[in-house]
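What follows draws every value from the coordinates through simple rules; no lab data is involved. What you see is a predicted model, and the numbers here were worked out from it, not measured in a lab. Cβ atoms come from the backbone with ideal geometry, glycine included; neighbour counts cover every protein chain shown.
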Amino acid sequence: MVYSAQSFTLLGFLVLFVIQKPAFSQSKVDSSARDFSIQLTTMREGYDGKFCWVHARTGMIPTRRDSDPIMVMTSQKLQLSGSDVFYALHTAYSSNAGIVWSPLTPQDPFTRRKVGKDQEETVCDFTPQWHEATQKLLGIGQTVRYQDNRVMHIRPRATAYSVYDPETHSWDAWQTLKMPNEPRFKSSGAGSVQRWDLKNGEVLLPVYFKEPEATQYSVTVCRCEFDGKQLRYLEHGDELTIDNKRGLYEPSLVKHQDRFFLTLRNDDAGYVATSEDGLHFTQPQPWCFDDGTRLGNYNTQQHWISNSHGLYLIYTRKGADNDHVFRHRAPLFIARVDPERRVVERATEKILVPERGARLGNFGVTRVSPDEFWITVTEWMQTWGPDIIIPPDNPRGANNRIYIAKLKWSQP
């Protein structure tokens, strides 16, 4: 049975997730790393075994002091019988801190469009984020092209973006970011990335790119300007990759104190690099715990939280009694990062979203205030083959839930 967002929230299915004690104690960690609560809520659940919601992420529109901000969620449906077969972006909104949500409504500009014989194109891996300088909610993702409803192996790809209209609760027609006219940028996208907006309104946007026929991706950060309507490329920084399988991709950027931190996906391990200016980076190094062992994240994204309480990484990993989960993409963890050593402090690791058999690897981070962040993630109802579909009635209880984990730090 599929339930509406309103019925779930009004019935009070609000779960206060009990924070687990760390499983390890090799590191001595200051108490501020533990001074946040995790409140786990379910925005909706239920699905038909044929399609499921994926790529759920939330953006925030600030409002007057005496009212809650408007929270805007985006998600899209996936055809479970295929691989990355996405359909039009949908959106929902809440004006009372996520207690009640509007229905997820299809966005007409994101309906698949014909681009050639037997070919269609849409936008996926979309992330909405408030742009303070223009007072606009700017969403960024990437294009994906299909032939006979299969992702084309060799295809052009571009960064796609759109602006949200809070009056109509809809997204404008999407546009693409114009990159330098060079072969290596013919397949270039900002799918599932975390960007950083500078105080002058410029956008530091990490992208990954390659020639369409190539296998290995590189990552760079583009400095862009945004005037409230159009996003324009100005320059890009170092081009980072490693000579391993598909290279580096799905980057996410954050600024913590006076440095930028970039986390990157690779088929065998997650990587991290740092920068003074957000464009020129150190050599990427594999993510490790502070005891020297590998983090265990691989072939999926990671994202950041940075505030006065510390720098935090959100990730999935091996070694959590989760071999049955596709690419070990659940549970979803958070831990504090030592910014000097660029390692994860093992003793601070906590579970943000529990594992119920479905992957949780595609998620988004929303800054609500300096002391409150939301992590939005969907149970992706595919698993290891040959039968890749997790049925609605499954023993571990996955049900295509859209979770919002609300992290709140206590005041010093």
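Think of the chain as a dipole: +1 on every Lys or Arg Cβ, -1 on every Asp or Glu Cβ, centred on the Cα centre; then among S188, I375, A133, I375 lies furthest on the positive end. Under a model in which nothing but the beta-carbon of Lys, Arg (+1) and Asp, Glu (-1) is charged, the chain shows a dipole of about 440 debye around its Cα centre. When you filter the trypsin sites (Lys or Arg not before Pro) in the stretch 202-238 for DSSP loop state and at most 16 other Cβ atoms inside 10 Å of their Cβ, you are left with K229. Computed across the stretch 78-177, the Kirkwood hydrodynamic radius from all distinct Cα-Cα pairs reaches 14.7 Å. Entry note, the chain: the mean residue ellipticity at 222 nm calculated from DSSP H runs of n ≥ 4, each adding -39500 (n - 2.57), is -500 deg cm²/dmol after division by the residues and rounding to the nearest 500.
For each pair in K77/K178; K210/K245; K229/K255; K350/K406; K136/K229; K178/K229, compute the distance between the two Cα atoms and list the pairs where it is over 18 Å. Mind dumping the intermediate values first?
Details: K77/K178 27 Å; K210/K245 13 Å; K229/K255 25 Å; K350/K406 14 Å; K136/K229 9 Å; K178/K229 14 Å.
As for pairs spanning more than 18 Å Cα to Cα, those are K77/K178; K229/K255.
Averaging Cα coordinates gives a centre for the stretch 296-351 and one for the stretch 216-287; these two points are 18 Å apart. When the charge dipole of the chain is built from unit charges on Cβ atoms (+1 for Lys and Arg, -1 for Asp and Glu) and taken about the Cα centre, the candidate among Q230, L295, I388 whose Cα reaches farthest toward its positive end is I388. Look at the dipole of the chain built from charges on Cβ: of Y47, T366, L240, the Cα furthest out on the positive end belongs to Y47.
Over the Cα atoms of the chain, the radius of gyration divided by the Kirkwood radius equals 0.93; this is the Rg/Rh ratio. Between D48 and K199, the modelled labels are 5.2 nm apart [label points 7 Å from Cα along Cα→Cβ]. For the stretch 158-241, the equivalent ellipsoid built from the Cα gyration tensor has semi-axes of 24, 15, 11 Å, listed from largest to smallest. Under a model in which nothing but the beta-carbon of Lys, Arg (+1) and Asp, Glu (-1) is charged, the stretch 122-275 shows a dipole of about 220 debye around its Cα centre. With semi-axes defined as the square roots of five times the eigenvalues of the C-alpha gyration tensor, the equivalent ellipsoid of the stretch 26-144 measures 31, 20, 16 Å, largest first. This model, with +1 at the C-beta of Lys and Arg and -1 at the C-beta of Asp and Glu, gives the stretch 77-155 a dipole about its Cα centre of some 180 debye.
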